[in-house]
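Have a look at the structure below, then the notes.
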Amino acid sequence: MKIRVNDEEKTVTGASLADALAELGYDGAVIATAVNGDFTPRQRRAQLMLNEGDRLELLAPMRGG
């Protein structure tokens, strides 16, 4: 299915957010996720099913100041 990841169109085969993250190379990464603008906690990623056209935002913590 086609989804948008940080404003880039991507094609994934995984049905859940956790599957899609693994497929995109983010498995185990320390990131915050939002689907269609709604924050998704890490513990809900395996249960959240994605749909065609969903928007996924990935945010990683940054160091510095």
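The table below lists the values:
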{"item": "Where R63 falls short, out of the listed (1) under 11 Å from the mean Cα position of the chain (by Cα); (2) exposed (fewer than 10 other Cβ atoms within 10 Å of the Cβ)", "result": "(1)"}
{"item": "Residues that are charged (D, E, K, R) and over 9 Å from the mean Cα position of the chain (by Cα), drawn from region 20-50", "result": "E23, D27, D38, R42, R44"}
{"item": "Selection within region 27-62 - among the basic types (K, R) and under 17 Å from R4 (Cβ atoms)", "result": "R55"}
{"item": "Residue that is surrounded by the most Cβ atoms within 10 Å (Cβ to Cβ), among those in region 1-36 that are in a loop (DSSP other than H, G, I, E, B) and among the hydrophobic types (A, V, I, L, M, F, W, C)", "result": "V12"}
{"item": "Odd one out for F39 among (1) in contact (Cβ under 8 Å) with a residue 24 or more places away in the chain; (2) part of a strand (DSSP E or B); (3) surrounded by fewer than 13 Cβ atoms within 10 Å (Cβ to Cβ); (4) not β-branched (V, I, T)", "result": "(1)"}
{"item": "Contacts under 7 angstrom Cβ, first residue in region 5-30 being charged (D, E, K, R), partner modelled with pLDDT under 95, 6 or more apart", "result": "E23/G14"}
{"item": "Check on G53, surrounded by fewer than 13 Cβ atoms within 10 Å (Cβ to Cβ) and more than 11 Å from the chain's Cα centre (by Cα)", "result": "yes"}
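The values are calculated or read from the model by the stated rules, or taken from the named source; none is laboratory data. In this text the structure is predicted, and so the values were computed from the model without any measurement. Neighbour counts are summed over all protein chains in view; Cβ atoms, including those assigned to glycine, are modelled from backbone coordinates with ideal geometry.
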